[in-house]
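Working notes, structure below.
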Amino acid sequence: MKINSSKEAMDPLFDLLQQLAPQEPSPEVKKLILQKVAIRKKELQQVSTKWLLVAAAVLIGLLSLNILVVKQHQKSYQAQLLNQMIDNSQNQLYHE
Amino acid sequence: VSHPEFEQIVDTYQKMVYNLALGYLQNKEDAEEITQDVFIKVFDNLHQFKGQSQLKTWIYRMTVNACLDQIKSKRFKLFKMFFLNTKSPDETTWDIAYHQQHPQEILEHKEGLNRLLKAIHQLPHPQKTVVLLLKVEHLNQRETAEVMEISIKAVESLFQRAKKNLEKILNLSKENEN
């Protein structure tokens, strides 16, 4: 019963609400949206080139670090080998 | 998405977004700001749109969320204004958002509509959203349920509660006038 009474009371008002004609936003709104999107696109492009450069720099850094490590490893391995050879030849001399 | 394609999306949906925001916020400047924000979000997230719902539903949902965020930030501004004693950025906000084909009819029902729009504005957000989507945007219950990501039954019950609350609010305002 209560629902019916509220239905009766509200329906004419809702009917009025349904007659509201949609309003047009000002033409400036579309202009601003497109401007902002164009700026956004530019920013995105700038950011992507910036990140590409950063990624390239990091890659070069990592590669040069890797080369350094390999070189150092090579040097220490050579020194170890030399020491071992000297030890071996000394041992051989001692036995002879 | 290419520029002409995006422009077409703006052309198709800007009126819809603007009118929903206008109904929600009842202020033209805020509605225009929300319209801009929504389309920037659409541009940013269009690649994430999976096509599970219609583009229209997706944009409606974004608009409702943007309006809720705007209301929250406005509340925060009011809170700051009250406690820090700063000036309100705009106090000329409550112009009523309607325009009708029959001016004579508007005059006759202007007062009733004004009161109804103000009463709708006082409803809890889910009820307000249901009323605006069903009665101002003319969506059906299924579309409203999709926008709000709730069931059709929930839409029905929210609408019934909204009706009762609106009646209470309108009766109260009448009593206060008397």
Among the candidates A:Leu62, A:Leu53, A:Leu68, A:Leu44, single out the residue that is within 30 Å of B:Thr35 (Cβ to Cβ) and either among the hydrophobic types (A, V, I, L, M, F, W, C) or at pLDDT 90 or above (or both).
A:Leu44
Only one of A:Val54, A:Val47, A:Val37 is among the hydrophobic types (A, V, I, L, M, F, W, C), in a helix (DSSP H, G or I), open to solvent by less than 80 Å² (accessible area, probe 1.4 Å) and over 30 Å from B:Glu7 (Cα atoms); which?
A:Val54
Tell me the residue from B:Ile71, B:Ile106, B:Ile96 that is open to solvent by less than 70 Å² (accessible area, probe 1.4 Å), at pLDDT below 65 and under 19 Å from the mean Cα position of the chain (by Cα), please.
B:Ile96
Name the one entry in B:Leu133, B:Leu166, B:Leu139, B:Leu117 that is part of a helix (DSSP H, G or I) and more than 11 Å from chain A (Cβ to nearest Cβ).
B:Leu133
Is it the case, given these coordinates, that B:Asp30 is touching a helix residue (DSSP H, G or I) at 6+ places or on another chain (Cβ under 9 Å), more than 10 Å from chain A (Cβ to nearest Cβ) and modelled with pLDDT under 85?
no
Taking the stretch B:1-25 as the region of interest, how many residues are open to solvent by 10 Å² or more (accessible area, probe 1.4 Å), in contact with a Leu (Cβ under 9 Å, 6 or more places away or on another chain) and facing another protein chain (nearest Cβ under 7 Å)?
2
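The values are calculated or read from the model by the stated rules, or taken from the named source; none is laboratory data. Remember, predicted model here, so these are calculated numbers, not experimental data. Every residue, glycine as well, gets a Cβ built from its backbone with ideal geometry; the counts of neighbours run over all protein chains shown. All accessible areas refer to the heavy atoms of the entire protein, side chains included, with ligands and DNA or RNA removed. Shrake-Rupley method; radii C 1.70, N 1.55, O 1.52, S 1.80 Å.
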